[in-house]
Amino acid sequence: MTGEGKVFVDCGGSSLECEYDGQGLVGAAKGPLLSVQIPDNGEVSLKGQEVHQTGGGFFCPSEAKLDIVTTPLVATYIGE
């Protein structure tokens, strides 16, 4: 799985906009029968995946770790 995204950090009234790439991320997929997410359309989870800064200000860390669980909008079944 590859991806990209932006992370917004709110530091008590001032905001930092940090941007990281998600290239090379490896997710664990579960179909609707094994997923515990609601709605139970399945899930893809990533835990402790390293992302690298591609934009943002001086105060953004150059490397960070991503933990996320995503749920598809429609039921997604995994076949062999």
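Worth a mention:
- Residue check, residue 25 within 17 Å of the chain's Cα centre (by Cα), surrounded by 14 or more Cβ atoms within 10 Å (Cβ to Cβ) and part of a strand (DSSP E or B): no
- Selection count where residues are at pLDDT below 80 and of a type in the set (D, E, K, R), scope segment 64-80: 1
- Any hit, segment 41-60, residues being surrounded by fewer than 16 Cβ atoms within 10 Å (Cβ to Cβ), free of Cβ contacts under 8 Å to residues at least 24 places away in the same chain and polar (S, T, N, Q): no
- Among the residues making up segment 61-71, a single one is touching an Asp or Glu at 6+ places or on another chain (Cβ under 8 Å) and assigned to a loop (DSSP other than H, G, I, E, B): 71.
- When segment 60-80 is filtered for residues that are farther than 23 Å from residue 48 by Cβ and not hydrophobic (A, V, I, L, M, F, W, C), the ones remaining, listed by number, are 76, 77, 79, 80.
The values are calculated or read from the model by the stated rules, or taken from the named source; none is laboratory data. Keep in mind that this is a model prediction, so the values were computed, not measured. Don't worry about glycine lacking a Cβ; one is built from the backbone with ideal geometry, like all the others, and counts go over all protein chains shown.
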